[in-house]
1. Distance in nm between label sites at Ala305 and Asp7, each 7 Å beyond Cα in the beta-carbon direction?
2. Report the residues of segment 286-306 in range of a label on Glu338: point 7 Å along Cα→C-beta, backbone N strictly under 20 Å from it.
3. Can you give me the solvent accessible area of Ile336 with a 1.4 Å probe, rounded to the nearest 10 Å²?
4. Around Gly309, what is the net charge, scoring Lys/Arg as +1 and Asp/Glu as -1 over all other residues with Cβ under 15 Å from its Cβ?
5. Give me the percent relative contact order of segment 73-194, please, defined on Cα pairs under 8 angstrom at least 6 residues apart.
6. Multiplying the sequence separation of Leu431 and Glu107 by 0.36 nm and subtracting their Cα-Cα distance, what value in nm do you get?
7. Is segment 181-224 rounded, prolate or oblate when judged by the Cα gyration tensor, a ≥ b ≥ c being the square roots of its eigenvalues, rounded requiring a/c under 1.5 and prolate requiring a/b larger than b/c?
8. For the chain, take the longest principal axis of its alpha carbons; what is the angle in degrees between that and the long axis of helix 25-46, to the nearest 10 within 0 to 90?
Amino acid sequence: MVDRLLDEVVLPRRASSARRKEAGDATRLKLRTATTALLADLMNLARTSGVSSTPLAGAHGMSRSHFRAGSLGFGYDMFIEVTRALEVKGLLVRRVGYPKWGAPKGERQGAATCFLMTDALWRLAGALGVTSGDWEDHWTLKPHQVLGGDQKRVELRKRRKLIRGVKQPSEALSVDLSDPRASELDAQIERINQYLLGQDIDGLAFHGLRRIFNDGDQPDFAWNKGGRFYSTLGGQAYERWNADLRQRLISIKGKRVTEVDLKASHLTLLHALADEPFDPSEDPYEVEDLPRIVVKLWVAQAIGASNPGARKWSKTSQAHFAEERPGQRLEDQFSIREVAAHVKAKHPLLVDVGVLGHSTLDLQFHEAEILRLAMERLMFTHDIPVLPIHDALIVPQTRTQEAARCLKEAFRDYVEGVTGRSCPLVPNVTLKEG
């Protein structure tokens, strides 16, 4: 199928352009690799459309920096040649993206350029015996090659500025690997990446992990703010996908996956670090007759701002509520003072959240360290590959019990190591079903 598209669509269009010379073997290989990668990704997304008759479109950044030839086997120019040729022949639909500063009136965010296979391309694929149902017989999304040492494994950002209640993008800071702690963190991730890149992880383009630390320009920074795991640049940001998409697409060692989740992670951590009683077996967001999303937003806002006495909902809380309940306004539906009173009655510790000394970024760091401990035990003791997502681990469905046990043990050992006392609770570890 790839060769037919190359010979009948991509190369003829190239030959018709007076500005391009005839494709040599090296150029043909790059065009073939770009065609293969595009079709593998789009047909992989099409596998997820069991609940809809419409396949999912694929989104991709379209600056040259988004196409690393060393890891993909082709660059920006080759990708453009392939997509434009397929588009002209009616085999591909492209929706042009735009940055957030160029967004249409009323839109706050930008949009990535999207690509979608047309019915004509589906008919061609079907005629050649290639369908989305047998994707794994034809494709892989493994990296073209293992990336070299130029990839950043540890990244550092300045504190994000707040303008009119909206957080701005954070600025990058350089990382000095002669710093012992930075070097230690870098070595930890390098060891994890070496293991994971040698495993059979498929259904996504995985190039390794990195950690992003925050507030690097603040006087109390000690590599203890943020530090969450993210997919390395050049790979697919699976941590941004929803659980359903991850579980439909990703496989580890040929097995389907599920997610082992630290339920109410920040609230549980806050109680454990403060040595306060807490029953994690109950849903901490079930309060009175309040919707769960409202309670969760109030807790996140109170911990994030270290302020349980806020007089109005933050713009972030309002935006999340509007996504959950389109057409409704959080501030119109629920008084923040009434919500606060009910939540603090159930969780008295939140009354003192402003003086406990644990910000959201602090809790994110603790959370990430717990995941790291659990990952290292699963990988290097039990030889079980796993992928992190903020407060959860993606694991093969056949190894969920080991993952849950390691996650609980890592939580206990980490809390005891940080506080110097016995951990007062066992976290609620659940399976996050897609």
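1. Computed distance between label sites Ala305 and Asp7 equals 6.5 nm.
2. Counting backbone N atoms under 20 Å from the label point, the list is 286-302.
3. Around 10 Å² of this residue is reachable by solvent.
4. For residues surrounding Gly309, the net value is +2.
5. Averaging sequence separation for qualifying contacts and normalising by length gives 14 percent for segment 73-194.
6. Extra length from Leu431 to Glu107 when fully extended: 113.1 nm.
7. It comes out oblate by the Cα gyration axes.
8. Compared with the principal axis, the helix lies near 50 degrees.
The values are calculated or read from the model by the stated rules, or taken from the named source; none is laboratory data. The shown structure was predicted, so the numbers you read here are calculated from the model rather than taken from an experiment. FYI the Cβ positions are ideal-geometry reconstructions off the backbone, even for glycines, and counts take in every protein chain you see. Accessible surface is based on the protein model in full, side chains and every heavy atom, while ligands, DNA and RNA are left aside. Shrake-Rupley method; radii C 1.70, N 1.55, O 1.52, S 1.80 Å.
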